[in-house]
Structure formats: C-alpha cells, structure tokens
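Input: a single structure, listed below in structure tokens.
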Amino acid sequence: MYPDELLCESGAVSGSFDWGEVMAAGQPRSLFRHRDRLHAAHPARRNGAYTRAVSTHPLDPLTGDEIRRVAETLRHDKGVDERWRFATIMLHEPAKAVLRAWQPGQVLPREAEAIVWSRADGEAYEAIVDLVEGVVRSWLHRPGVQPCFTHDEFYEADAMLRAHPDVATVLARHGIADLDLVLFDTWAYGGALVPEVYRGRRVGWTDVWIRDAPDSNPYAHFVGGLHCIVDMNAMELLEIEDTGPPERPATMGEYVPAHIPGLVVRDDLLPLEIVQPDGVSFTLEGHELRWQRWSLRLGFNGREGLVFHQVGYEDEGRVRSIAHRMSFAEMVVPYRDPTPDHYRRTAFDIGEWGLGFAVTSLELGCDCLGEIVYADAPLHDSRGEPIVIKNAICIHEEDNAVLWKHVDSRAGVEVRRMRRLVVSFHATVANYEYLDGDHGHDGLRRRFAAVRNRCRRADVRAVPPALHRCPPRSRRRR
C-alpha cells in the first residue's frame, strides 16, 4: 500500500463526505502528524459551539497516555519487548449494561484491547488490559493467524528492498537504474494463497511501480512480471519472481496537471465561500456531539477509523436510541483477476491494514468547506508509541437544497430548506481514496475515488487452471 499524501492543490482527488439528518421542521427562508497527546484543533469561538472540554466518558477513545500505559503493562506483565509488535491498541468498549449503570463522577470502567505478536516465533496474542488497575485481564494465544500489517512494516520492507543488491540487479535488467523512482507496494497474502514453502511465516508480496518523474504517478507505470516475496518478521527477501518485462501500455496514466501533456486547467469557476456569521448550530464538548435534537459520541480506532456511539434523537422529552454503535466493519476489493501478476490481489483494506491507520489530515477549503470544527485521531505505531493525526475528523453543516415548497394563491409561498450535519474522515490506501462519513438520513455511506493504475492485460489462457476463479453469475432482473 502506498501512503503518499495527495494534495488537492496539485490535482489529486479530494472532497468531503456527509453525515447528518434532513431538518425535520425545515427552515424559513430568512434563515500533520506525530504528537503524543490530543490537542484542540480549533480555537473556541462565538457561542461556545467549539468547546472541547476534557471528557471522562467510558466510550471516549484512548488517550496517548492510556495507549502508552497499555504497552508498558504488557511489557511488564507479559514480556512484550522490542522483539514484539503492536498491531492494534484500542478501547475495549464496555457492555451496554455497564454503560447504562454508569453515572458521571463514578470510576470510569476503562479497559483496552491489544493485538500483539512476537517477531521471533510469529505467534499472536489478544490482550485486555485494565487501565484503572494497570493489570492484564486476559491473554489469549491465537495460533495460526496473522495480525494486520502495519505501516512501520511497509516502510521497513521498502527500505530493505531498496538496499538489497539482488533487487537492484533485477531492476537493472528491466532498464531501471534510479531506485528513487521505484515504488515497492507491499500487500498481505490471503491465507489460502501463501506458498506452501512459506506456510507459518508472516509473508508479504510486492508489486513494483516506476515513476516518470520524482512527483509523478507511480501507478501509471507497472513493472509487470516482477514481484518480491518478503518475510515481514525477519525483514528478509525470500524470493524474486521475474518473468521478464512486458511491453508498457501506451495509455497515459498521470493525474497531476503538470504531467499531463497539453492539459489546460479550467479557470471558469469563481470562488465559493460559505459563512455562518452567528456560528454553527452544533456543539462538541469532549467527544459528545449535539445538533438540533440529535446526539452522539465520537470514537476512533486504527482498524475502523471513525466510530459513532449512542446515536440518539430527542423525541417528546426523551432520547430515543437510534443506534448503539455505527462503523465500517470491512472493505473488500475482490479483483477476480487470475493472471500471474494479479491473482494474489484479495484486498481487505480494513482488516489487513486498518482504515484508521490510513487516515489523512484534512484542510479547510480543500477537503471541507464552510465553518469547520476539526478533531484529531489518537493512534499508535507498531512499537506501542502513541501518535496523533491532526485534523483527522471534519465537522460542519451543509445546506442541502429545498426540503419542501408550496405556492398558494392566497397564502403565498412557503418553502423550507434542508440542512445536514457532516462528519467526515478521509483515508488513503495505496491508489484508493475512501472519503468516509455518516449520513443520518441514509445511514453510513462511503464515497470512493482512485488513481487508476495501468497494467497490460495478460493472456488469461496462459493462467494455470488452478488459478481460475468461478465466472460471475449473470445478473437477473427482479
């Protein structure tokens, strides 16, 4: 996966995604990166809508200090030293009964769950750590499974391959001398596809891409027939697959305007500004978000990214529970391509890499437009050290056209406009952009964009029969 930041001013895909609820009653016409702790991303202003008080709720995301405490507890109690890696450290959410019984001022039931593995023997464990007592409550051995890949492993594999003389020799046979232009795009193996000789090892495989220029699109030029197999625990090159360089596709695959021959950038749009002179209509106190009669709590973790807890709506003096928890559980990309270069492409972008770990910082006017409140995302690296992605979550209101209108010859015109609340985060996973959010009227939704990659299509007749997948069913009318 390729974690380069894509900046909107240089032509990359960008945008916001929506969360909210159509205004029920309508509205009259007159109306970057590595930090150890969370910090306010926007100054307090106007009517207190931007207040970010310290929250003490059981569903709050883990703080940097709590993440570090989890790692220290596991090192002390279970010997998790520098030979181990942390795949995930996230809040172990209390059961509904515990949440119903808890009252502000009581001791917080704070527990964290962690997935760790030993690089020495490859064994994985699931742990639950009591953050109040500082002890390990559960330690479960999970033989035969592999935790998600981490971004640290991606960068370490890249550095190892760039320094390996065998890789340089093979690239030279493909006419590639400048390794600074090369992208080693490491993927996780699907369990059934791991070569028999490497069973039981934590192995990854790489596509290889080449840029035309230091800031051009690597996915425009695939080095076909060349793949590296890597032991991700030992950071050792196990094998180089090289079937020879195929002919490059003739199509152009750049997206940055400077690299598109003859492109004339449009200049027929004038600036669009959205202002709210009296401030926004929502409040964010700690992690509790309120808007009109809606309320919810914001959560975040490395696997799922943004999480919504205790979504409710005030109705006749009581809060109706709409959803206890909302998140994206998985993102599967079944390529269904049996050719030698692509048969291993079975991407589970959330389970194999973590959508939250791929989140990018957002920018005013580029990713979000209007009066914006930002929130940061508390995460960690594979050594258990806390980090924070600044401005990872964007919160703002949008006008959403006419909700209803009627014209009467006597009463005149009555019209109401829709307004919706938008809570969004964006994740970059290789050449994919996930512009994610939650829309209260339509439910959780995802907007997807991608930088197209270019590969010459191999002859499927040359594929071994064992690699052929079942053809898709024909779509039937209902």
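The values are calculated or read from the model by the stated rules, or taken from the named source; none is laboratory data. Note that this is a predicted model, so its numbers are computed, not measured. Note: ideal-geometry Cβ built from the backbone for every residue, glycine included; neighbour counts use all protein chains shown. Accessible surface areas use protein heavy atoms only, side chains included; no ligands, DNA or RNA. Shrake-Rupley method; radii C 1.70, N 1.55, O 1.52, S 1.80 Å.
Taking the Cβ-Cβ separation of F348 and R383 as r and a Förster radius of 22 Å, what is the calculated FRET efficiency to the nearest 0.05? Spell out each step's value before the answer.
Values: r = 24 Å, r/R0 = 1.09.
FRET efficiency, F348 to R383: 0.35.
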Notebook entry, point to check: With Cβ to Cβ distances under 10 Å as the rule, what net charge do the other residues near L298 carry (K, R +1; D, E -1)?
Noted result: -1
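Given +1 on the Cβ of Lys and Arg, -1 on the Cβ of Asp and Glu, and no further charges, what dipole in debye does the stretch 283-364 carry about its Cα centre, rounded to the nearest 20? The partial results should precede the final answer.
Numbers: 10 positive and 12 negative charges, 41 e Å.
It works out to roughly 200 debye.
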Note to self: If each residue of separation counts as 0.36 nm, what is the full-extension length gain between A401 and E82 once their alpha-carbon separation is subtracted?
What the structure shows: 109.3 nm
Check: What does the accessible area per residue of the stretch 187-318 come to in Å², with a 1.4 Å probe and no ligands, DNA or RNA counted?
Finding: 50 Å²
Note to self: If I take every Cα pair under 8 Å that is 6 or more residues apart in the stretch 45-162, average their sequence separation and divide by the length, what percent do I get for the relative contact order?
What the structure shows: 22 percent
Next item on the list: At 1.4 Å probe size, with no ligands or nucleic acids counted, give the accessible surface of V333 in Å², nearest ten.
Entry: 20 Å²
Notebook entry, point to check: How much of the accessible area of the stretch 252-385, probe 1.4 Å, is carbon plus sulfur, in whole percent?
Noted result: 53 percent
Check: For K405, which aspartates and glutamates qualify as cross-link partners when the Cα separation must be under 20 Å and same-chain residues fewer than eight apart are set aside?
Finding: E21, E414
Next item on the list: Would you mind putting 89-100, 187-198, 354-365 in packing order, based on average other-beta-carbon counts within 10 Å, highest first?
Entry: 354-365, 89-100, 187-198
Next item on the list: With a 10 Å radius around each residue's Cβ, average the other Cβ atoms per peptide and rank 375-385, 101-111, highest first.
Entry: 375-385, 101-111
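On the protein heavy atoms, probe 1.4 angstrom, tell me the percent of accessible surface of the stretch 93-190 carried by carbon and sulfur. Could you put the intermediate results ahead of the total?
Working: 2570 of 4820 Å².
Here carbon and sulfur together make up 53 percent of the probe-accessible area.
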Margin query: Rounded, prolate or oblate, given the Cα gyration tensor of the stretch 253-357, with a/c below 1.5 counting as rounded?
Written below: oblate
Check: the stretch 286-361 to the stretch 134-163: how many Å between their Cα centroids?
Finding: 22 Å
